[in-house]
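The block underneath contains the structure these notes are about, expressed in structure tokens.
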Amino acid sequence: MVMTENMRILLASRPTAAPKPADFTLDRAAIPEPSEGQVLLKILYLSLDPYMRGRMSAAKSYAAPVEIGAVMEGGTVARVERSLHASFKEGDTVLSHSGWQSYAVANGSDLRKLDPAVAPISTALGVLGMPGFTAWAGLQNIGRPKAEETVVVAAASGAVGSVVGQIARLRGARAVGIAGGREKCAFLLEDLGFDAAIDHRGPDFADQLARACPKGIDVYFENVGGRVWDAVFPLLNTFARIPVCGLIAQYNATPGDTGGADRLDGTMRSVLTKSLSIRGFIQREFASQRDQFYEEASDWIAKGKLRYREDIVDGLENAPTAFIGLLEGRNFGKLLIRVAKEHA
Ligand SMILES: NC(=O)c1ccc[n+]([C@@H]2O[C@H](COP(=O)([O-])OP(=O)(O)OC[C@H]3O[C@@H](n4cnc5c(N)ncnc54)[C@H](OP(=O)(O)O)[C@@H]3O)[C@@H](O)[C@H]2O)c1
């Protein structure tokens, strides 16, 4: 079928708690025309990531929000449909940041050519892309696991967490994953080789975590916050390192909502008495290390040492529901939307 219009998902309203389908509008517009020096991109895959919840909010953050009525922001893998740019030709596959739409025009400055022979092109949005790099950079620069140490990561079956645990093992550490549900925990143990996996929805979650970490926790890679943090915190060893990568359990909280607990006094006491290093980061801070990551991670993947799982949903129109599900743990692996078939 030849597409004659550009399907777009726009931000309709700013959610106050969990986003709802009505916060998005499905819109159809003319396919944009490239000018001299530009390319027309046909989007194949759209990445859905937790940071998009922040872009829906006007609260002050490290990046500007999406305006109401604008196309939702997002990383994409696309094919060049028409080129008026000297460096790109029709049929090239590229990594772009084109957002939640089926076509886009780009001037080439933010495009990276992908070689489908090296790895499946969708991996440029996951294990070999921003989430994989986030895991690698957070561990490399902040977590710095040593052999025999215990590394704990939450949202462990997801895009970032799955890579954190596997790299911890590759560096000789013990990897303990926290995930939602039996199936995700089995995947961590059987497919990814984690040393232990604990279900954070289980009634005895904190006790099970303590049993899985008999020597305490040396590195806690924080993706979640909330109840998971409460269970991890008492187990931290002296000189533990805590890369604070994300706090997904708090992204749908309303302003001032502490989840019923004020953790600050207890946290600060332990930061002092246990000499903890708690350090937040946004992956782009380490952008100069991307080539090093790509080289190391591609090699691990080629040798079967780094595995990944993708959760691919067909159809751009299903992006809002899939995104809402991401914030509730309904995805299993790196969440992607297949906007168009690769070989169509
Ligand atoms: N700092 C950076 O530069 C950077 C870059 C990328 C990502 N991040 C952060 O890294 C974290 C993971 O992102 P990702 O892309 O890899 O997502 P993901 O893990 O693939 O998907 C999100 C997962 O979070 C878990 N989750 C959601 N709500 C939860 C809750 N209330 N309590 C506990 N777990 C919950 C769910 O897993 P379970 O079913 O296992 O609970 C869900 O599947 C996020 O916090 C994200 O914001 C940060």
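The values are calculated or read from the model by the stated rules, or taken from the named source; none is laboratory data. The shown structure was predicted, so the numbers you read here are calculated from the model rather than taken from an experiment. Here the Cβ positions follow ideal geometry from the backbone for every residue, glycine too, while neighbour counts run over all protein chains shown.
Values for this structure:
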| item | result |
| --- | --- |
| Residue match in the range 80-101 (condition: more than 21 Å from Glu222 (Cα to Cα), in contact (Cβ under 8 Å) with a residue 60 or more places away in the chain and touching a Ser or Thr at 6+ places or on another chain (Cβ under 6 Å)) | no |
| Per-region count, the range 79-107, residues closer than 30 Å to Pro320 by Cβ and out of contact with any helix residue (DSSP H, G or I) (no Cβ under 8 Å at 6 or more places or on another chain) | 15 |
| Selection within the range 272-288 - within 23 Å of Gly329 (Cβ to Cβ) and crowded, with 17+ Cβ neighbours inside 10 Å | Gln283 |
| Spans of strands (runs of 3 or more DSSP E) in the range 239-344 with at least 3 residues more than 14 Å from the ligand (Cβ to nearest atom), free of Cβ contacts under 8 Å to residues at least 12 places away in the same chain and of a type outside the set (A, V, I, L, M, F, W, C) | none |
| Residue within the range 102-113 that is under 20 Å from Gly193 (Cβ atoms) and of a type in the set (S, T, N, Q) present | no |
| Any hit, the range 198-208, residues being of a type in the set (D, E, K, R) and within 24 Å of Trp300 (Cα to Cα) | no |
| Any hit, the range 112-126, residues being away from the ligand (no atom under 12 Å from the Cβ), at pLDDT 95 or above, over 18 Å from the mean Cα position of the chain (by Cα) and in the same structural domain as Phe187 (by TED's automatic domain parsing) | no |
| Residue within the range 252-271 that is within 30 Å of Glu310 (Cβ to Cβ), surrounded by 13 or more Cβ atoms within 10 Å (Cβ to Cβ), modelled with pLDDT under 95 and touching a Leu at 6+ places or on another chain (Cβ under 7 Å) present | yes |
| Top-ranked residue of the range 64-77 - restricted to ones that are under 23 Å from Gly158 (Cα atoms) and either touching a helix residue (DSSP H, G or I) at 6+ places or on another chain (Cβ under 7 Å) or among the aliphatic types (A, V, I, L, M) (or both), ranked as surrounded by the fewest Cβ atoms within 10 Å (Cβ to Cβ) | Glu73 |
| Residue match in the range 146-160 (condition: assigned to a helix (DSSP H, G or I), buried (at least 24 other Cβ atoms within 10 Å of the Cβ) and outside the structural domain of Phe88 (by TED's automatic domain parsing)) | no |
| Single match in Ser13, Ser35, Ser61 (criterion: within 28 Å of Ile248 (Cβ to Cβ), touching a residue at least 24 places away in the same chain (Cβ under 8 Å) and hydroxyl-bearing (Ser, Thr, Tyr)) | Ser13 |
| Subset of the range 128-142 (residues that are more than 13 Å from the ligand (Cβ to nearest atom) and surrounded by 21 or more Cβ atoms within 10 Å (Cβ to Cβ)) | Leu128 |
| Considering residues of the range 296-321 that are small (Gly, Ala, Ser) and closer than 15 Å to Leu170 by Cα only, the residue surrounded by the most Cβ atoms within 10 Å (Cβ to Cβ) | Ala297 |
